[in-house]
1. I'd like the full set of residues that are touching a Ser or Thr at 6+ places or on another chain (Cβ under 8 Å), assigned to a strand (DSSP E or B) and more than 11 Å from TRP17 (Cα to Cα), limited to region 73-86.
2. Before we move on, is GLY91 in contact with a helix residue (DSSP H, G or I) (Cβ under 8 Å, 6 or more places away or on another chain) and in contact (Cβ under 8 Å) with a residue 40 or more places away in the chain?
3. Take VAL63 and decide whether it is in contact with a helix residue (DSSP H, G or I) (Cβ under 7 Å, 6 or more places away or on another chain) and part of a strand (DSSP E or B).
4. Filter region 40-66 for residues that are open to solvent by 20 Å² or more (accessible area, probe 1.4 Å), closer than 14 Å to LYS105 by Cα and not acidic (Asp, Glu) and give the result.
5. Take region 45-72 and flag every residue that is of a type in the set (A, V, I, L, M), touching a strand residue (DSSP E or B) at 6+ places or on another chain (Cβ under 7 Å) and at pLDDT below 90.
6. For region 32-60, give me each residue that is in a loop (DSSP other than H, G, I, E, B), over 17 Å from VAL15 (Cβ atoms) and aliphatic (A, V, I, L, M).
7. Looking only at region 87-97, which residues are crowded, with 17+ Cβ neighbours inside 10 Å and part of a loop (DSSP other than H, G, I, E, B)?
8. Within region 98-128, track down each residue that is modelled with pLDDT under 90, out of contact with any helix residue (DSSP H, G or I) (no Cβ under 9 Å at 6 or more places or on another chain) and open to solvent by less than 40 Å² (accessible area, probe 1.4 Å).
Amino acid sequence: ECMPWLPKDVDDSRVAWCGCFTMHVLHACGINTSSIKNPWRAQAWLGFGYPTENLIYGKCIAVWRRGGEGSVYGHVGFPLREKDGKILLRGGNQTNSVNAQWYSKNSPRYKFLGYRLIPELTENYELK
């Protein structure tokens, strides 16, 4: 169900689908995601919503870059909690499934790029 957001010329067997999962969840919640171009690319989510310094459970996404400066690879998902410099993230394409895993904010492999507040969420929406 996550793959409708891939262009027809993209081989879905070669795409890290965390961004597609994020798009699927927000779309299913009725959130306007029309501002996202290339939603399968994790770092494209840096253009979504508004930056926020703090984890706001159920109201934001978290974005990482994998690799060095200028890398186009990354990861995106829904943060569940933060503890000891790590973020528990529910996301897609985490060991090729949807689950919750801990990610470091200061990892040499992944650079935490920040939280993005989901603009349309009100008291009536909770992502769990």
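The values are calculated or read from the model by the stated rules, or taken from the named source; none is laboratory data. Source: prediction; values computed, not measured. Cβ sites come from the backbone with ideal geometry, for glycine too, and all protein chains shown count toward neighbours. Just so you know, the surface numbers come from the protein's heavy atoms only, side chains and all, with ligands and any DNA or RNA stripped out. Shrake-Rupley method; radii C 1.70, N 1.55, O 1.52, S 1.80 Å.
1. Filtering region 73-86 down to residues touching a Ser or Thr at 6+ places or on another chain (Cβ under 8 Å) leaves 76-78, 85-86.
Right, trim to assigned to a strand (DSSP E or B) and you get 76-78, 86.
Residues satisfying the conditions are PHE78, LYS86.
2. Values: in contact with a helix residue (DSSP H, G or I) (Cβ under 8 Å, 6 or more places away or on another chain): yes; in contact (Cβ under 8 Å) with a residue 40 or more places away in the chain: yes.
Answer is yes for this residue.
3. Numbers: in contact with a helix residue (DSSP H, G or I) (Cβ under 7 Å, 6 or more places away or on another chain): yes; part of a strand (DSSP E or B): yes.
In short, yes.
4. ASN54, LEU55, ARG65, ARG66
5. Start the filter on region 45-72 by keeping residues that are of a type in the set (A, V, I, L, M), which leaves 46, 55-56, 61-63, 72.
Checking which are touching a strand residue (DSSP E or B) at 6+ places or on another chain (Cβ under 7 Å) leaves us with 46, 55-56, 61-63.
Result: LEU55, ILE56.
6. Filtering region 32-60 down to residues in a loop (DSSP other than H, G, I, E, B) leaves 32-41, 48-49, 53-59.
Within this subset, residues satisfying the condition of being over 17 Å from VAL15 (Cβ atoms) are 32-35, 48-49, 53-59.
Once the filter is applied, which keeps residues that are in a loop (DSSP other than H, G, I, E, B), over 17 Å from VAL15 (Cβ atoms) and aliphatic (A, V, I, L, M), region 32-60 yields LEU55, ILE56.
7. GLY92, ASN93, GLN94
8. Result: SER107, TYR110, LEU121.
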